[in-house]
Each structure stands twice: as C-alpha cells, then as structure tokens.
1. With a cut-off of 8 Å between alpha carbons and a minimum separation of six or more residues, what is the relative contact order of region 265-396 in percent?
2. Build a GNM of the chain with springs between Cα atoms under 10 Å: which of GLY193, GLY111, GLY208 gets the top mean-square fluctuation?
3. Say the dipole of the chain comes from +1 at the beta carbon of Lys and Arg and -1 at that of Asp and Glu; which of THR301, MET352, ALA42 then lies farthest toward its positive end?
4. Would you report the distance distribution of C-alpha pairs in region 143-269 as whole percents per 5 angstrom bin, up to the bin with the largest distance?
5. Helix-only estimate, please: 222 nm mean residue ellipticity of the chain, summing -39500 (n - 2.57) across DSSP H runs of length 4 or more and dividing by its residues, to the nearest 500.
6. Put one equal scatterer on each alpha carbon of region 2-59, apply the Debye formula with no solvent term, and list log10 I(q)/I(0) at q = 0.15, 0.29 1/Å to two decimals.
7. Given Cβ point charges of +1 (Lys, Arg) and -1 (Asp, Glu) and nothing else, what value in debye, to the nearest 20, does the dipole of region 265-396 about its Cα centre take?
8. Mind putting together the pair-distance distribution for the chain? All Cα pairs, 20 Å bins, whole percent per bin, short to long.
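Values quoted throughout were computed directly from the atomic coordinates according to the rules given, and no laboratory measurement underlies them. All figures in this text were calculated on a predicted structure; none of them were measured in a lab. Cβ placement follows ideal geometry from the backbone for every residue including glycine, while neighbour counts extend to all protein chains displayed.
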Amino acid sequence: MSLQNPVFIPGPTNIPEALRKACDMPTVDHRSSLFAEILQPALAGVKQVLKTRKGEVVIFPATGTGGWEAALANTLSPGDMVLAGRNGMFSHRWIDMCNRFGLEIEVLDHGWGEGLSAERYRAALRSDTGHKIKAVLATHNETATGVVSNIAAIRAALDAVEHPALLLVDGVSSIGSMDFRMDDWGVDIAVTGSQKGFMMPAGLSIVGISQKALKHMDAAALPRCFFDFRDMLNGYANNGYPYTPNVGLLNGLKLATGMLLDEGLEHVFDRHTRIASGVRAAVTGWGLHLCAQRPEWQSDTVSAILVPDGFNATDIVTRAAEVYGTAFGTGLGEVAGKVFRIGHLGMLTEGMALQGIATAEMVMADHGVPITLGSGVAAAQEVYRGHLGAALQIAAE
Ligand SMILES: *Cc1c(COP(=O)(O)O)cnc(C)c1O
C-alpha cells in the first residue's frame, strides 16, 4: 500500500495535513484552562455541523460503535422495545448490539440496496398503540451498500401517529459530508465518529443529544459507566472530563469543524454531491450498476458497485491494494464478493476522485471485467469539468 495514494475506503478517510498537525500536540494538562480553549470550540463546532441549537454534544474517547452504545445505554432499560430498520451491515450491527443489551427488537428488514421505508416505520408505530416501542433506530447512510435514507420522513412517521419514542440515528458516514439536520428532523440522538466526515484519525465518538433524550437519562437503567452522559456533561460544565481526554484529537476536531464551517456546510455538501455524481457517471460509463436500487437512495459519500456475475469483487479490492497500492472497500455481509466500494467522503477533490476511478478501471481490466479503459474517467471528467469551469470563472470575476 502506498502512503502517497489517497484512500478510497468509506472511512477512515484521508486526513488533511493541517489536521494531522493539529492532532499532534505536546501533552496538555486537561485540568488547565488551555484545555477549555480546545474543548469548548470543538463542542460548539460539532453543534453547528449537526445543525442543533437546542441539543447537547458529548465526545467520548471511542469510535462510532461506542456512540451507538452510549445512545442505547443512556436512554433505555433492559427489556425495552426498539424498532429498527436493517438494510446493510451497519444497521445490522446496531441491531446486534441491541440484542446483546437484552432489548426487545422489532426489525424492519429491507433489501440490501434499499433505503429505509418511512411507510413501514409508520405502520409499525401505528400498530404500537400501547407505546411499547421506546426508541426508533435508523441508519442515515448505510455504508455497506451506499444507500442514504430519508430521516426527515422517519421523523414525520413518528409525528403522524403521535408516537413518543426517541429517534436514534447513526450518522457515522453522513455527518460532515451530507446534510444532517438534528433539530429540524427531530433527531434525539445523532452518532458519529472522528474518522469519516470529520477527516481525522479514529478515536472520538461524537454524540448529539436532544433535550428530550436528556430527560430519559435518569430513568434509563441499562448498565453504563464509561459512557454515562451525566458524568460527561457534569465534566463539561467545569471544562473537564470524567477521565483523561484525547486532547490532540479534540484539538483536531476544533480545527476540523472550523474547516467545514469555513468552506461552508452547504458547499461541503455540494462538493460531495458533485464528486459522487462523477463516480456514478463512471459506473454508468463502465456499463455497471450500483447496489443502491433507486436514484434517491444513492449515497453522496460511498458508492457500492456491483461486479458482473462470475467476478469476485473482493479480488478487485485485493489487487488494487497489492498492485496499485490503493485501498477500496470490500463488500460486507450479504453483498460480500458482489460489490466493491469507492468511499468519497471527507477531504476529497475531483482530481483525487479521478485517480480512484482510473485505478479501479485498471484493476477491473486486469481481472477481465468487460469495461473500456478511460470510459469511467471520461464520464466523470464531463461531470467535473462543467462545475470546475464555472467555479474558476466565478473566482476570476
Ligand atoms: C463506520 C461506521 C460505523 C462504525 O464506526 P466505528 O467508528 O468503526 O466504530 C457505524 N455506522 C456506520 C454507518 C459507519 O459507516
């Protein structure tokens, strides 16, 4: 694997040089006032990225998976019922975690390649007249299949039947790269990690909590200690942590949120839509298809590409790594061997995306996949040229 090539896995993502430097700090006493100057702007920046004014943010030294655990443990009690959609490996793993916590689960199974159906959530919530369901789980962007789901529609499903359950959302591979509106969508807990849209190394579990979710903390009886929101929030009130924070990563997060906000969140989202459109054009140019079955489900942060019958997608990923020093994502679970994934989230430019597309073409050609060299690159170039030309023109004016 060459360290000079960008990675095209859907997390961890490429780390901008400035962020690498920001994470590399001498030891800072986390009980000093200097720590407050790192912690508070990082928390404030995350709130802006999550688009929450009313909610709180807590950050654990962990990963997205820790955020899932914190979301469940701070809001639910053993035996509580959750309603969860499953349409890929990540939504499946969150359901598995609910199982291990002894929760009752009503699973809404979808095809791997389908978006979560708000209609099915609504039907399930409507029949729960006794309000046994305490939390609704949804994965905003299913990284295994490259499928985005409409969280606003799931909120509308809860509201339509006046169901009081909390809405817990996995935004690990969307937040910071795709629009996410915690307050507008009535998200009660939003979960992400540092190594995807925030463009950093892994190590921070980033969790947004609504005022409504905060009210469930004391009654929630699932066991927790390290992940207790209350200890963390008490710590923050005094600019501190209940244990030793990873100060360097928090310093990186302060800069990462600043970078996203300076670029402008809407511009960041547009950039991801544009880069993803180029990748999708390349897939069409190759004569291949995405795992995402409908255009509205196509993710702007990861494309899962179906390989033709008779080819093993995992071999493509292996060869890309061994021969071209380039990392793509393999297929997971039900789509293992059937798809390879191009991650296009975080710090990525059109030029970098073209490198990934060109490399994928070489690997597929090596394996005898019937594609024409240059066909994907050319299709993506057509998408990128127009936009880049327009941007340059604006800059020149
Ligand atoms: C990466 C990812 C996770 C897991 O996050 P970790 O930081 O690896 O624990 C969970 N959900 C989704 C959608 C992801 O993409």
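1. Values: 190 pairs, mean separation 39.2, N = 132.
Relative CO of region 265-396 lands at 30 percent.
2. GLY111
3. The Cα lying farthest towards the positive end belongs to ALA42.
4. 2, 9, 16, 20, 20, 17, 11, 5, 1, 0
5. Numbers: 13 runs with 170 residues, N = 397.
Calculated mean residue ellipticity at 222 nm is -13500 deg cm²/dmol.
6. -0.69, -1.15
7. Numbers: 8 positive and 12 negative charges, 22 e Å.
Roughly 100 debye for region 265-396.
8. With 20 Å bins starting at 0, P(r) equals 28, 56, 16, 0.
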